Amino acid sequence: MVPPFDIFKRQGGGSVRWLGLTADLEAAKVRIKELAESIPGEYFIFSLATGHRLNIKPDDLDASFETKKELPASESQEGPHAQPRPDLQSMQ
């Protein structure tokens, strides 16, 4: 089974870098917090189930991070996913 959330970091020049997978939205947020401690910048979480993207800016990583707008609850559930990996060109 493919985990439903991919983590990406925005790079210079409009490109993005894929950083890994998580099984749920909370795990993705925790992982971004960990990554941002050593590599500051803008990140986003991509839902394989729906194609929605949650942008995470440096200001979102403060104590109020958990209260920021989240993906719908239905997207934080694990389940089978038949969608292929996102095309990075279409995400810029």
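Using every pair of distinct Cα positions in the stretch 1-50, the Kirkwood expression returns a hydrodynamic radius of 11.1 angstrom. Computed from phi, the 3J(HN,Hα) profile of the stretch 16-26 under the Karplus parametrisation 6.51, -1.76, 1.60 (θ = phi - 60°) reads 10, 10, 6, 10, x, 10, 9, 7, 8, 5, 4 Hz, with x in place of Gly and Pro. A cut-off of 5 Å between modelled amide H atoms, ignoring neighbours fewer than 5 places along the same chain, links Leu48 with Phe5, Asp6. Along the stretch 46-58 the Karplus relation, 6.51 cos²θ - 1.76 cosθ + 1.60 evaluated at θ = phi - 60°, assigns HN-Hα couplings of 10, 8, 5, 5, 10, x, 6, 10, 10, 7, 10, 9, x Hz to successive residues, with x for each Gly and Pro. Under the simplified labelling scheme, the Glu42-Lys57 pair shows an inter-label distance of 0.8 nm, with each label point 7 Å from Cα along Cα→Cβ.
Just so you know, all these numbers are worked out from the coordinates, no wet-lab data involved. These figures come from a predicted structure and were not determined experimentally. Glycine gets a Cβ as well: all are built from the backbone with ideal geometry, and neighbour counts include every protein chain shown.
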